[in-house]
Amino acid sequence: MSTAPVALPAPAVHGGRSRRLPRPLLWAAGGLVLALILAFVATNVYASLGQRVLKNRFADAAAGWQSLDPVQRSSAVYAAGDPLARLLIPEIGLDVIVAEGANPAVMRRAPGHLPASAIPGSNGVAIVTANRFGFGSYFMRLGAIAEGDQIVTESILGRTTYTVIEVRTVSAGNLDLGTDSSERVLVLFGSSRLWGGPDRIVIRAVAEEQPA
């Protein structure tokens with residue numbers, strides 16, 4: 001006498017529910033993101049107000065430059081934080097006042113000009129650096145500049161148009177800040193990453209025409 005096969009119950013299959021992160025961790029992550037956003041906005045507003053003051057000071061200074069002779073123009077002295085030049089880079093939509101000095105206090109309001117370097121528009125190498133994220137984010141799009149792009153400066157020496165001849169990334173230890181040159185050279189540099197890092201983006205541009 002044969003017996004019918006007994007059907008065994010199918011093994012229970014548990015739903016593949018994903019494990020949720022603990023709420024305190026989610027709140028902490030959300031708080032950090034919010035804090036970064038607020039810091040970005042607040043520091044850029046602070047820089048914008050500083051730029052407004054620098055633009056007014058630069059306009060006043062430029063009006064006085066008209067009466068100076070070439071010797072007086074070339075021998076002008078700038079204190080840390082003084083407006084030194086106007087920097088225009090059409091390719092990245094930048095129009096900003098550069099201030100003397102490259103310390104944190106100056107660079108919270110403007111791109112900073114290395115004091116040992118040439119004045120934009122003069123013979124030698126003029127060097128400018130700026131923040132890429134926060135406090136103006138002036139060089140946020142520095143990596144979008146390409147060879148052949150034009151950069152314009154306005155300073156006590158007049159208006160100068162530079163053509164970009166080199167764009168490269170180097171380690172901070174290999175950053176060349178030499179200022180000797182028989183040409184009129186402009187060097188811009190900033191961190192290769194928005195959040196900092198060991199490398200620097202370096203833009204090198206040369207002016208061909210005579211000062212205006």
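The values are calculated or read from the model by the stated rules, or taken from the named source; none is laboratory data. Given the structure is predicted, the values throughout are model-derived calculations rather than measurements. Positions of Cβ are backbone-derived with ideal geometry, glycine not excepted, and every protein chain shown enters the neighbour counts.
Can you find a residue that is more than 20 Å from residue 110 (Cα to Cα), in contact with a Leu (Cβ under 7 Å, 6 or more places away or on another chain) and buried (at least 16 other Cβ atoms within 10 Å of the Cβ) anywhere in the range 139-158? No: zero hits. Do the conditions hold for residue 173, that is, is it farther than 25 Å from residue 56 by Cβ, at pLDDT below 95 and of a type in the set (Gly, Ala, Ser)? Yes, satisfied. Look at the range 153-166: where a residue is at negative phi and assigned to a strand (DSSP E or B) and a partner is aromatic (Phe, Trp, Tyr) and buried (at least 20 other Cβ atoms within 10 Å of the Cβ), sitting 6+ places away or on another chain with Cβ atoms under 9 Å, you get 153/162; 154/58. Restricting 178, 196 to those that are more than 22 Å from residue 84 (Cα to Cα), of a type outside the set (Ser, Thr, Tyr) and surrounded by fewer than 22 Cβ atoms within 10 Å (Cβ to Cβ) reduces the list to 196.
The set of residues in the range 61-95 being at negative phi, loosely packed, with under 11 Cβ neighbours inside 10 Å and either among the hydroxyl-bearing types (Ser, Thr, Tyr) or modelled with pLDDT of 95 or more (or both) consists of 67, 75, 79.
Residues in the range 96-112 that are touching a strand residue (DSSP E or B) at 6+ places or on another chain (Cβ under 9 Å), surrounded by 15 or more Cβ atoms within 10 Å (Cβ to Cβ) and closer than 16 Å to residue 135 by Cα: 96, 97, 98, 99, 101, 102, 106, 107, 109, 110, 111, 112. For the range 119-132, the tally of residues that are more than 15 Å from residue 189 (Cβ to Cβ) and either outside any loop (DSSP other than H, G, I, E, B) or of a type in the set (A, V, I, L, M, F, W, C) (or both) stands at 2. Which residues, counting only those in the range 176-212, are modelled with pLDDT under 95 and among the hydrophobic types (A, V, I, L, M, F, W, C)? Those that are modelled with pLDDT under 95 and among the hydrophobic types (A, V, I, L, M, F, W, C): 177, 194, 195, 212.
Tallying residues that are more than 18 Å from residue 177 (Cα to Cα), assigned to a strand (DSSP E or B) and β-branched (Val, Ile, Thr) within the range 88-118 yields 3.
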